[in-house]
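The values are calculated or read from the model by the stated rules, or taken from the named source; none is laboratory data. In this text, all values refer to a predicted model and were calculated from it rather than measured experimentally. In this analysis, Cβ positions are derived from the backbone assuming ideal geometry, glycine residues included, and neighbour counts consider all displayed protein chains. Each accessible area value is taken on the protein alone, full model and side chains, heavy atoms only, with ligands, DNA and RNA left out. Shrake-Rupley method; radii C 1.70, N 1.55, O 1.52, S 1.80 Å.
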Amino acid sequence: MANSSSRVSLEAGEMPVFKTPFNGYAVRFSPFYENRLLVATAQNFGILGNGRLHIIDLNPAGGISELCSFDTADGIYDCAWSESHDSVAVAAVADGSLKLWDAALPPSSNPIRSFHEHAREVHAVDWNPVRRDSFLSASWDDSLKLWTLDRPASIRTFREHSYCVYSAAWSPRHADVFASASGDCTTRVWDVRDPGSSLVIPAHDHEILSCDWNKYDDCFLATASVDKTVRVWDVRASRAPVATLAGHGYAVRRIRFSPHRESLLMSCSYDMTVCVWDYRTEDALLARYDHHTEFAVGVDMSVLVEGLLASTGWDELVYVWQHGTDPRAIS
């Protein structure tokens, strides 16, 4: 259930910004609280140094306050909220580990779990929104792993990609289905009950950095690539994309489908911009936001508040704003 005690109502002129001590890597809205977000950061652009996971709250009167933060010895490249416990989050860490934190417990009790099986950096993590008891990790060791909170080791490892796996995304409808995106220029669809992938899409001619499922039609999957484009695929007929969205000037780092509008998706890029698209219209680019001054690498759309967007980047800033307004318009 959403916490409606601090109803999020952001008008133009009240767009909050949060300054992180390290470079931003990922941002996620809470599935439980309208005003809460999770932010993954890494020192020195993620090359060498510490990491910090921030839990931040949008204040009803404006601005953002930090609820708590958790430090790691290595950078954090991605993060995800638990879908079953409102205070629990998982971090993908550059030392190859996954760490779980509980904001309801004191610092001495955290992290509540630390899994270390990947041989290289963990680049992405995604929590199962259907089953809610498991999560996926994607690593530069070319593999993906399936985990649950109550087991000390991974349940299964998925090895087919021939290069770094940059992204993993659970199907919003099917509890056992997920997609992966890799530097081997393919995206793959998997069922956790099967040892191998069920579909391989040679989606781009360059590395694929992100993938996400349409939240209303589970046959549609989007991919984002170093080739500067976002492509949308129908997994039932994947020989050619349903749509190719061109408009970014450099690699597209992350994409997110809207939880509220079927054909709406959001992207961010090394060109420092965030774009919102409607892939079913001829003029697909609906908005371009250029508020970041370094690589824009993390975006999310609130599942609880329609049109509420968030982004983070290497400029050490987290922006939260209503679609159609200026992210920099701070009162």
## Note on the structure
Under Stokes-Einstein, the stretch 89-242 at 4 °C and 1.567 mPa s, with its Kirkwood radius over C-alpha pairs, diffuses with a coefficient in µm²/s of 82 µm²/s
### Query
Relative contact order, percent, of the chain when contacts are C-alpha pairs under 8 Å separated by at least 6 residues?
15 percent
### Task
Place the peptides 101-107, 241-247, 181-187 in order of packing, highest mean first, counting for every residue the other Cβ atoms within 10 Å and averaging per peptide.
181-187, 241-247, 101-107
### Query
What is the extension gain from residue 71 to residue 283, computed as 0.36 nm multiplied by their sequence separation minus the C-alpha to C-alpha distance, in nm to one decimal?
72.0 nm
### Query
Which value, in debye to the nearest 20, describes the size of the charge dipole of the chain about its Cα centre when Lys and Arg Cβ atoms bear +1, Asp and Glu Cβ atoms bear -1, and nothing else is charged?
420 debye
### Task
In Å and from the alpha-carbon atoms only, list the Rg and Dmax of the stretch 160-290.
13.6, 43
### Query
In terms of the ratio Rg/(2.2 N^0.38 Å) built on C-alpha atoms, what value belongs to the chain?
0.91
#### Entry: Choice from 302, 108, 87 with maximal GNM fluctuation in the chain (Cα, 10 Å cutoff)
108
### Query
In the chain, what percent of the accessible surface is made up of carbon and sulfur (1.4 Å probe, ligands and nucleic acids excluded)?
48 percent
### Query
Picking from 238, 139, 167, which is most flexible by a Gaussian network model of the chain using Cα springs under 10 Å?
238
